[in-house]
Amino acid sequence: MATTSKTSTKDASKKPKGLTGKMENSEFHKFFVDELKDIYWAEKHLVKALPKMKKAATSTELASAFEKHALETQEHITKLEEVFSLVEEKASAKKCDAMEGLLSEAEGIIEDTEKGTMVRDAGLILAAQKVEHYEIATYGTLKTFAENMGHSDVVAILEQILENEKATDVALTQVAESFVNEQASQE
């Protein structure tokens with residue numbers, strides 16, 4: 001027995017390019033866009049905080065990791081702007097309380113640790129990994145939302161960002177485990 005679609009060919013042609021019926025004006029789509037605005041704000045503020053973290057780092061390895069991540073974060077902002085365009089929304093930011101708190105915590109670590117110590121680097125890595133884990137959770141969920149709405153072009157972009165965030169987390173772990181944590185424990 002053949003099944004028929006409720007959407008006629010005529011109706012399908014009215015949809016904006018790249019959008020599925022599941023995304024248009026649904027509460028889920030609005031929630032998705034709201035969360036995009038949240039992570040957009042987070043990335044825009046992180047890109048401003050990373051140079052401060054780089055400057056505060058003791059080791060050249062950690063400073064380099066922060067510099068690399070600042071460049072990648074700028075790319076994430078550009079990719080998010082592409083996502084906004086694909087879902088036919090204006091790229092705008094909504095204050096992200098979570099990122100504001102995480103960046104405030106990073107500033108506190110800088111203030112509470114002695115300049116030129118591995119304890120400071122260990123603290124900066126901790127703060128940076130908290131940020132990474134927040135971003136990994138957010139991008140993973142947004143990717144799943146986009147999958148559920150059938151928006152494969154958005155899924156691909158969010159997957160790229162997600163994989164980059166995971167790689168940054170691994171790189172920070174490697175710096176911590178290669179020498180920072182051991183030296184910090186001896187200070």
Within the stretch 21-66, restricting attention to residues that are part of a helix (DSSP H, G or I) and among the basic types (Lys, Arg), which residue is modelled with the lowest pLDDT?
Lys30
Residue check, Phe66 among the hydrophobic types (A, V, I, L, M, F, W, C) and surrounded by fewer than 14 Cβ atoms within 10 Å (Cβ to Cβ):
no
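Listed here are the residues, each with its yes/no results for (1) over 27 Å from Met149 (Cβ atoms); (2) among the hydroxyl-bearing types (Ser, Thr, Tyr).
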position	(1), (2)
Tyr40	no, yes
Lys48	yes, no
Ala57	yes, no
Glu61	yes, no
Thr78	no, yes
Val87	no, no
Leu102	yes, no
Glu105	yes, no
Taking the criterion of being at positive phi and at pLDDT below 95, would at least one residue in the stretch 100-123 satisfy it?
no
Mind checking which residues of the stretch 83-98 are part of a loop (DSSP other than H, G, I, E, B), under 18 Å from the mean Cα position of the chain (by Cα), surrounded by fewer than 17 Cβ atoms within 10 Å (Cβ to Cβ) and without any contact (Cβ under 8 Å) to a residue 60 or more places away in the chain?
Ala91, Ser92, Lys95
Being assigned to a helix (DSSP H, G or I) and open to solvent by 40 Å² or more (accessible area, probe 1.4 Å) is the filter here, so list the residues in the stretch 146-163 that pass it.
Glu147, Asn148, Ser152, Asp153, Ala156, Glu159, Gln160, Glu163
Being farther than 28 Å from Glu75 by Cβ and either surrounded by 13 or more Cβ atoms within 10 Å (Cβ to Cβ) or not small (Gly, Ala, Ser) (or both) is the filter here; which residues of the stretch 168-187 pass it?
Phe179, Asn181, Glu182, Gln183, Ala184, Gln186, Glu187
Go over the candidates Gly140, Gly108, Gly101 one by one and state the one that is in a helix (DSSP H, G or I), in contact with a helix residue (DSSP H, G or I) (Cβ under 7 Å, 6 or more places away or on another chain) and without any contact (Cβ under 8 Å) to a residue 60 or more places away in the chain.
Gly140
Pairs, first of a type in the set (Phe, Trp, Tyr) in the stretch 151-179, second surrounded by 15 or more Cβ atoms within 10 Å (Cβ to Cβ) and outside any helix (DSSP H, G or I), C-beta under 8 Å, six or more apart
Phe179/Ser59
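The values are calculated or read from the model by the stated rules, or taken from the named source; none is laboratory data. The structure displayed is predicted, hence computed values, not measured ones. Ideal geometry is used to build each Cβ from the backbone, glycine not excepted, and the neighbour counts take in all protein chains shown. Protein only, heavy atoms only, side chains kept; ligands, DNA and RNA dropped before computing areas. Shrake-Rupley method; radii C 1.70, N 1.55, O 1.52, S 1.80 Å.
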